[in-house]
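Novice: I have a structure here, written as structure tokens, and I will follow up with some questions on it.
The values are calculated or read from the model by the stated rules, or taken from the named source; none is laboratory data. The structure presented is a predicted model; accordingly, all values stated were derived computationally and were not measured. Positions of Cβ are generated from backbone atoms using ideal geometry, with glycine treated the same way; all protein chains shown enter the neighbour counts.
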Amino acid sequence: MKNNIDFYQHYADADQHPKFKMLRVEYGWSGEGKFWALNNRIATSEDCKLDINKKYITATIASDLGFNLTEFKKFIDYILTECELIKEVGPGIITTDIIQENFERVSVNREKARDRKQRSLEKVLKGSIEKSKSSGERNNKVKVKESKVKETLFSELESFLLESLPEELKKSKENILSFYNYRMNNKVKNQKRPYETTAGINGLFRDLKDCLSAGYDVGDCCDIAIENSWLTPRVSYFENIKVEPINNVTKIKTIADREKEEKELFANRTMP
């Protein structure tokens, strides 16, 4: 959420207010214009409070208002003590009642808007999961930012994964679930929790089916993807895997490799 405001409402009777009349007595109408220019700087500062302790800040503002540093300090002192158009909320930290009133109102509205959007996003995601369960439309895409989804929804997605697991992948269910939990609980390549939608989970199923079609063992694919910190067990990764990559992961074995080993082991056991 922003900590300042882009615009603010002025007082309707500002020009007739005694404080502004006092300002014009000393600085004329241009002085009132300089006050509103200063007010704009306060409005766009952090928490709508302007720190004028640093010399380069005051020098910049003074120049923008047509003052030198001495004149600027005199102007600040005058509108602070004589006109009371600004107030000090800390040593060298100034703001105005006009800005603070607007800032408080805008902050409340922003908070309400954020809460409404949060509730709406959660409702959309829950509705998508229920719709997918009842109608079989597993690929509905729900565009939800990961920071907006509550942790309580992840268990529902895990249930969806287990219930929707294709028959040919069920043999490696535990490995697939391990990979799913690894991606949901670890930040990989600055990306976290990719499976916040049913479409994301179906994407994982597609990658695993590709591995299976290429003759790889799905369980091994999931385990090696975890050990190598991959975003997904994509078949092209295994085709290019090195013999001795990071974490000493050896080249993945295909189903054909496993069947050959089993036959050799069986033959050795049956030999006299």
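Novice: Quick check, is GLU84 surrounded by fewer than 15 Cβ atoms within 10 Å (Cβ to Cβ), of a type outside the set (Phe, Trp, Tyr), modelled with pLDDT under 90 and over 38 Å from the mean Cα position of the chain (by Cα)?
Specialist: So GLU84 fits the description; yes.
Novice: Step by step: first the residues of segment 218-272, then only those that are of a type in the set (Lys, Arg) and under 36 Å from the mean Cα position of the chain (by Cα), then the one that is modelled with the lowest pLDDT. Which residue is that? Please lay out each step first, then the result.
Specialist: Keep residues of segment 218-272 that are of a type in the set (Lys, Arg), which gives 234, 242, 251, 253, 258, 260, 263, 269.
From the residues that got through so far, the ones that are under 36 Å from the mean Cα position of the chain (by Cα) too are 234, 242.
Working: ARG234: 84, LYS242: 48.
Here the residue is LYS242.
Novice: Here is a list: PHE20, PHE7. Which entry is within 42 Å of the chain's Cα centre (by Cα), modelled with pLDDT under 90 and either crowded, with 17+ Cβ neighbours inside 10 Å or in a loop (DSSP other than H, G, I, E, B) (or both)? Walk me through it before giving the result.
Specialist: On the way: PHE20 fails: within 42 Å of the chain's Cα centre (by Cα).
Of the residues listed, the single one that is within 42 Å of the chain's Cα centre (by Cα), modelled with pLDDT under 90 and either crowded, with 17+ Cβ neighbours inside 10 Å or in a loop (DSSP other than H, G, I, E, B) (or both) is PHE7.
Novice: Would you point out which residue out of LEU80, LEU38 is more than 30 Å from ARG114 (Cβ to Cβ), touching a Ser or Thr at 6+ places or on another chain (Cβ under 9 Å) and either assigned by TED's automatic domain parsing to the domain that holds ALA113 or assigned to a loop (DSSP other than H, G, I, E, B) (or both)? Can you show your working first?
Specialist: On the way: LEU80 fails: touching a Ser or Thr at 6+ places or on another chain (Cβ under 9 Å).
Every option except LEU38 fails the conditions.
Novice: Go through segment 41-63 residue by residue and tally those that are in a helix (DSSP H, G or I) and among the hydroxyl-bearing types (Ser, Thr, Tyr). Working first, answer last.
Specialist: Looking only at segment 41-63, we keep the residues that are in a helix (DSSP H, G or I), and these are 41-43, 46-48, 55-63.
Going one step further and asking which of them are among the hydroxyl-bearing types (Ser, Thr, Tyr), we end up with 56, 58, 60, 63.
Going through segment 41-63 one residue at a time, the tally reaches 4.
Novice: Specify which of the listed residues (GLU88, GLU71) is without any contact (Cβ under 8 Å) to a residue 24 or more places away in the chain and not in a helix (DSSP H, G or I). Working first, answer last.
Specialist: Values: GLU71 fails: not in a helix (DSSP H, G or I).
Going through GLU88, GLU71 in turn, just one is without any contact (Cβ under 8 Å) to a residue 24 or more places away in the chain and not in a helix (DSSP H, G or I): GLU88.
Novice: Go through segment 105-128 residue by residue and tally those that are surrounded by 12 or more Cβ atoms within 10 Å (Cβ to Cβ), over 21 Å from the mean Cα position of the chain (by Cα) and not small (Gly, Ala, Ser).
Specialist: Final tally of qualifying residues: 2.
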